[in-house]
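Working notes for the structure below.
Since every read-out is calculated from the coordinates, none of them should be taken as a lab result. What you see is a predicted model, and the numbers here were worked out from it, not measured in a lab. Here the Cβ is made from the backbone with ideal geometry for all residues, glycine too, and neighbour counts use every protein chain on show.
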Amino acid sequence: MTRLSVNVNKIALLRNSRSLGIPSVVRAAEIALQAGAHGITVHPRPDARHIRASDVHELSQLLKQWPDAEFNIEGNPFEPPLMELAQAVRPQQCTLVPDDPAAFTSDHGWDLKRNGDRLRPVIAGLHALGIRVSLFMDPQPEAMIIATAIDADRVELYTEPYASAFGTPGEATTVARYADAARSARAAGLEVNAGHDLNQENLPLFLAAVPGVAEVSIGHALIADALEAGLAATVASYLRAMNSGKS
């Protein structure tokens, strides 16, 4: 079964536009979990443009009430505040992303030939805290053996290129590339996550074509849909879309 982790960054972005403390990031996470989401994802950045350190601590406390749910913290391990927060709250998973601090959003995966040796002690440190480690990766089958060699547990396939190709003549070729990457990851002993620009329309095809996706992390599209349908109804709708795409 593919699990759905709801990214609540956009709730925090809206909250931060005023000083009223609304909408509540914690309440949004609670609604998502009550509606059947399997976890909560946050991606705190050095400028705290959306998720703040206090949100991470409060969400960690909330998730203690949901022992089967996963807390996934994303970020660049070489920039604050990821490692400090991971040590403080010890989430079930850290997804390491090669973001530049000034990046608008995540837009590429790790180059492990260049960064693998640098990531190895970071991964070891997170493992020592009992945290599973996922690496944000482009769909490159040849890179998966390096991810295994530096002791990653999972890879998260960066799916914006898939989302851009969805519904175009390049769709089949792009989907095949992701399927090949997922097969290579699994053959190397890695579990496979996916995220970035996934939505209700493109999820079923992706999950039907790409084998063994353990988890999808979705924020922007899900929160946008929730503005029309409500958060609880939208989470339920995404879960239906995921089930319809089971391979």
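What dipole magnitude, in Debye to the nearest 20, does the chain give about its Cα centre under +1 on Lys/Arg Cβ and -1 on Asp/Glu Cβ?
Using Cβ point charges on Lys, Arg, Asp and Glu, the chain gives about 400 debye.
What percent do you get for the relative contact order of the range 4-69 when only Cα pairs under 8 Å and 6+ apart count?
Working: 76 pairs, mean separation 25.2, N = 66.
It comes to 38 percent, rounded to a whole number.
Give me the number: length gained by fully extending Met1 to Phe104, i.e. 0.36 nm times residue separation minus the C-alpha to C-alpha distance, one decimal in nm.
Going from the current span to full extension adds 33.9 nm.
Relative contact order of the chain: what whole-number percent is it, with Cα pairs under 8 angstrom and at least 6 residues apart?
Reported as a whole number, the value is 19 percent.
Hey, any idea what Rg/Rh is for the chain, computing Rh the Kirkwood way over Cα pairs?
Taking Rh as the inverse mean 1/r over Cα pairs, Rg/Rh reads 0.94.
Can you list the aspartates and glutamates whose alpha carbon sits under 15 Å from that of Lys64, skipping same-chain ones fewer than 8 residues off?
Cross-link targets: Glu30, Asp55.
Quick check for you: which residues of the range 6-35 have the amide N under 19 Å from the point 7 Å beyond the Cα of Ser54 toward its beta carbon?
Zone members listed by number: 8-30.
Working out 0.36 nm times the residue gap between Arg186 and Asp151, then minus their Cα-Cα distance, what length gain in nm do you get to one decimal?
That pair, Arg186 and Asp151, stretches by 11.2 nm at full extension.
The range 154-190 to the range 1-39: how many Å between their Cα centroids?
Between the Cα centres of the range 154-190 and the range 1-39 lies a distance of 27 Å.
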